[in-house]
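The values are calculated or read from the model by the stated rules, or taken from the named source; none is laboratory data. Computed from a predicted model, the values in this text were never measured in an experiment. Cβ sites come from the backbone with ideal geometry, for glycine too, and all protein chains shown count toward neighbours. SASA here: full protein model, heavy atoms, side chains in, ligands and nucleic acids out. Shrake-Rupley method; radii C 1.70, N 1.55, O 1.52, S 1.80 Å.
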Amino acid sequence: QVKNKAPAEVQITAEQLLREAKERELELLPPPPQQKITDVEELNDYKLRKRKTFEDNIRKNRTVISNWIKYAQWEESLKEIQRARSIYERALDVDYRNVTLWLKYAEMEMKNRQVNHARNIWDRAITTLPRVNQFWYKYTYMEEMLGNVAGSRQVFERWMEWQPEEQAWHSYINFELRYKEVDRARTIYERYILFTLLVIVHPDVKNWIKYARFEEKHSYFAHARKVYERAVEFFGEEHMDEHLYVAFAKFEENQKEFERVRVIYKYALDRIPKQEAQNLFKNYTIFEKKFGDRRGIEDIIVSKRRFQYEEEVKANPHNYDAWFDYLRLVESDTDAETVREVYERAIANVPPIQEKRHWKRYIYLWINYALYEELEAKASKRTRQVYQACIELIPHKKFTFAKIWLLYAQFEIRQKNLPLARRALGTSIGKCPKNKLFKGYIELELQLREFDRCRKLYEKFLEFAPENCTSWIKFAELETILGDIDRARAIYELAIGQPRLDMPEVLWKSYIDFEIEQEEYEKTRNLYRRLLQRTQHVKVWISFAQFELSAGREESLSRCRQIYEEANKAMRNCEEKEERVMLLESWRNFEEEFGTDTTKERIDKLMPEKIKKRRKLQAEDGSDAGWEEYYDYIFPEDTANQPNLKLLAMAKLWKKQQQESEAAEIDPDKDIDESQS
């Protein structure tokens, strides 16, 4: 009985117990005794016991081939070859598919110089398991080592009947080459190529290349070229491989056939997909750098860039910038048909959305296409077709491009086909009127000196856009040039009478300048007065004053001064004090040049005082954002009318007098102190 049933202080796990038991078992295992056999009876007894052990192991599990092999190798070590053969044969009856068993069996026979037995075993092995290449390799190697070349060749021929893998054929070829049998090797290559054509669905290019290199190595250059040509013909354009063409080109390069090399590279580059031809590009570039001229190297660079652009436009067909770069490249280096093909591909990518911002880049493809046909290809008929196709494609009800219409009209004029040009521009104005179209059409008719047509176009233009001041001005200028002053004045009157104008100040200035040119000063003054009824802008007053000054009459100075007076009175209630300051400065400059001392003194009294002020700022949410400083102007005329400002000025003056009196009281005390000291 256990008295203390408390747990032990050091606990031992089951895993630890098992590990220690195993370690001690190894430690306690005694080494096997050394056995010395002294006579034949002991030897026979030892053999009997050993054979019984092996037989027991085999009887326990017949399928474990390692037991058979150990048994046979033990018998072989005792030079009991017949017994070892018997064991191997028994093992083959159990598992004849075991490759290791056949190999050990044949190696035993070869090791013991039993050549015929070994041949017999190899024959049985390749007959039983013909798809095990190791048997064939070992068999042919054995025959070759024995010097039986004919026997080895016969084994190879038997092997080839089974249509083995590629390495087997090359082993056969190398075997024949070791004995300088070049014709036999060529025959084997031909058989293998025929085998690949008939059996393999997608034969490999490297076999053709090896065949060609074999012919080249043995100086059969014509045969090698023929092999390459057959390979190119066999693979065709569907299964082109860059490795074949690189090898073919290098072969021709070795033969100094540089033109052939160039043709091969160009043929391949034109047909192989660009992403699969990187190595081809690289080798072609190296070749041109070695043997080509500047033109050839440029061709290579162009081809590389074409490949890059092809990839870009394939990834995004609506990347019009990539199309522009691509077209610029092909225009500089290729024939007209290729350029047209690329242009057609480019313009086929119409923007999916009918919004003008998406079409702005696209429309330049058509423009460049038309310019190329006209200037480079010299095909006026195709140019006309390009312009007409582009015009039909644009959705004019939503938006249009005046540039296309104008370029088409200019093209027709260059072709001396004026009716078609006018018809195109007339159609554009009828379908989709735009300022730019009117201006272009009018400019065309002006160049042709068709002034009546210009008048009609201006009338249509102003009906379409009556707020366009530039059009009114240009129309009036046209009439002025033609000498019809009354008509020009009537146009200006119509223009300033429009309810809405985009740049009225420009229009009024043009009208005033027109009247000044005609020396109609009274009409000019009336225009200024009419303009001042609409606006009290400081620049109008200054311009009016300067006009009176430039009139060149005796009363011009008094008139000019009077206008400045009126302007100053009118602008007293103006919120923009900077404009009033600008007026006074202009007036002062006038008085400094033409005025008297009295007038100069008067204008100096009118000049404002510039003071610095502070004001509170507010943020967007209404909270305080601090203070800011700004400059303000105080005009003397305004201070006289505002008592608060007058009181403030008197307070400042009183404060100044107080400071001066305090300073006067302090100074005598200082003098007394100094005299006493």
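Any idea what diffusion coefficient the stretch 296-439 gets from Stokes-Einstein, in µm²/s, Kirkwood Rh on alpha carbon pairs, 20 °C, 1.002 mPa s?
D = 131 µm²/s.
Per 10 Å bin from zero, what fraction in whole % of the C-alpha pairs of the stretch 466-535 is there, up to the bin with the longest pair?
22, 57, 21, 0
Tell me, what HN-Hα J-couplings in whole Hz come from the Karplus equation 6.51 cos²θ - 1.76 cosθ + 1.60 at θ = phi - 60° for each residue of the stretch 172-180, using x for Gly and Pro?
4, 4, 5, 4, 5, 5, 4, 10, 6
With everything on Cα atoms, drop me the angle between helix 538-550 and the longest principal axis of the chain, reported from 0 to 90° to the nearest 10.
60 degrees
State the Cα centre-to-centre distance between the stretch 148-194 and the stretch 572-630 in whole Å.
Taking the Cα centre of the stretch 572-630 as reference, the centre of the stretch 148-194 is 111 Å away.
Which order do ASP597, ASP45, ASP123 take when ranked by solvent-accessible area (1.4 Å probe, heavy atoms of all protein chains), largest first?
The most accessible residue leads, giving ASP597, ASP45, ASP123.
Quick one: what are the phi-derived ³J(HN,Hα) couplings along the stretch 467-476, Karplus 6.51/-1.76/1.60 with θ = phi - 60°, whole Hz, x for glycine and proline?
Those phi angles translate into 7, 7, 5, 4, 5, 4, 5, 5, 4, 5 Hz.
Local charge sum around GLU467 (other residues, Cβ-Cβ under 13 Å, Lys/Arg +1, Asp/Glu -1)?
-1
To the nearest 0.05, how large is the calculated FRET efficiency for GLU237 and ILE65 if R₀ is 51 Å and r is the Cβ-Cβ distance?
The computed FRET efficiency comes out at 0.40.
Take the Cα atoms of the chain, find their three principal axes, and give me the spread along each one in whole Å, biggest first.
Reported extents, whole Å, longest axis first: 162, 106, 59.
In percent, what relative contact order does the chain have, based on Cα pairs under 8 Å that are 6 or more apart in sequence?
Answer for the chain is 3 percent.
Can you pull out the GluC sites (Glu not before Pro) in the stretch 9-111 that DSSP calls coil and that have at most 16 other Cβ atoms within 10 Å?
GLU9, GLU80
What does the charge dipole of the stretch 466-535 about its Cα centre add up to, to the nearest 20 debye, if the Cβ of each Lys and Arg holds +1 and the Cβ of each Asp and Glu holds -1?
Roughly 340 debye, rounded to the nearest 20.
Between ASP452 and LEU393, take the C-beta separation as r, use R0 = 45 Å, and let me know the FRET efficiency to the nearest 0.05.
Result of the calculation: an efficiency of 0.85.
Give the residue from SER556, LEU329, VAL132 lying farthest towards the positive end of the charge dipole for the chain; charges sit on Cβ (+1 for Lys and Arg, -1 for Asp and Glu) and the dipole is referred to the Cα centre.
Going by the charge dipole, the pick is VAL132.
What does the charge dipole of the stretch 202-292 about its Cα centre add up to, to the nearest 20 debye, if the Cβ of each Lys and Arg holds +1 and the Cβ of each Asp and Glu holds -1?
About 380 debye.
If you wrap a convex hull around the alpha carbons of the stretch 202-292, what volume per residue comes out, as a whole number of Å³?
Per residue, the Cα convex hull of the stretch 202-292 comes to 86 Å³.
Can you give me the solvent accessible area of LEU478 with a 1.4 Å probe, rounded to the nearest 10 Å²?
My reading of the accessible area for LEU478 is about 10 Å².
Mind checking the stretch 344-402 for trypsin sites (Lys or Arg not before Pro) that DSSP puts in a loop (not H, G, I, E or B) and that have at most 13 other Cβ atoms within 10 Å?
LYS360, LYS378, LYS397, LYS398
So, R0 is 30 Å and r is the distance between the beta-carbons of GLN134 and TYR220; what FRET efficiency does that work out to, to 0.05?
Step by step, r from the Cβ atoms, then E = 0.35.
Please give me, ordered by residue number, the chymotrypsin sites (Phe, Trp or Tyr not before Pro) of the stretch 74-181 that lie in loop per DSSP and have at most 14 other Cβ atoms within 10 Å.
Those that pass, being in a loop and sparsely packed, are TYR96, TRP162, TYR179.
Across the Cα atoms of the stretch 115-256, what radius of gyration and what greatest pairwise Cα-Cα distance (Dmax) are found, in Å?
17.2, 56
Could you state how much accessible area LEU92 has, in square angstrom rounded to the nearest 10, with a 1.4 Å probe and all protein chains kept in place?
Roll a 1.4 Å probe over it and LEU92 shows about 10 Å².
Would you mind working out the magnitude of the charge dipole of the chain relative to its Cα centre, with +1 at each Lys and Arg C-beta and -1 at each Asp and Glu C-beta, to the nearest 20 Debye?
Dipole of the chain, to the nearest 20 debye: 4100 debye.
Net charge near LYS206, counting Lys/Arg +1 and Asp/Glu -1 over other residues with Cβ under 11 Å of its Cβ?
-1
If contacts are Cα pairs under 8 angstrom and at least 6 residues apart, what is the relative contact order of the stretch 89-153 in percent?
Relative CO of the stretch 89-153 lands at 20 percent.
Please give the length that would be gained between ARG124 and GLU620 if that part of the chain were fully extended, namely 0.36 nm times their separation in residues minus their C-alpha to C-alpha distance (nm, one decimal).
Extra length from ARG124 to GLU620 when fully extended: 168.4 nm.
Considering Cα pairs under 8 angstrom that are at least six residues apart, work out the relative contact order of the stretch 466-535 and quote it in whole percent.
The normalised contact order for the stretch 466-535 reaches 31 percent.
Considering only the other residues whose Cβ falls under 14 Å of the Cβ of ILE193, what net charge follows from Lys and Arg at +1 and Asp and Glu at -1?
Result for the local shell: +1.
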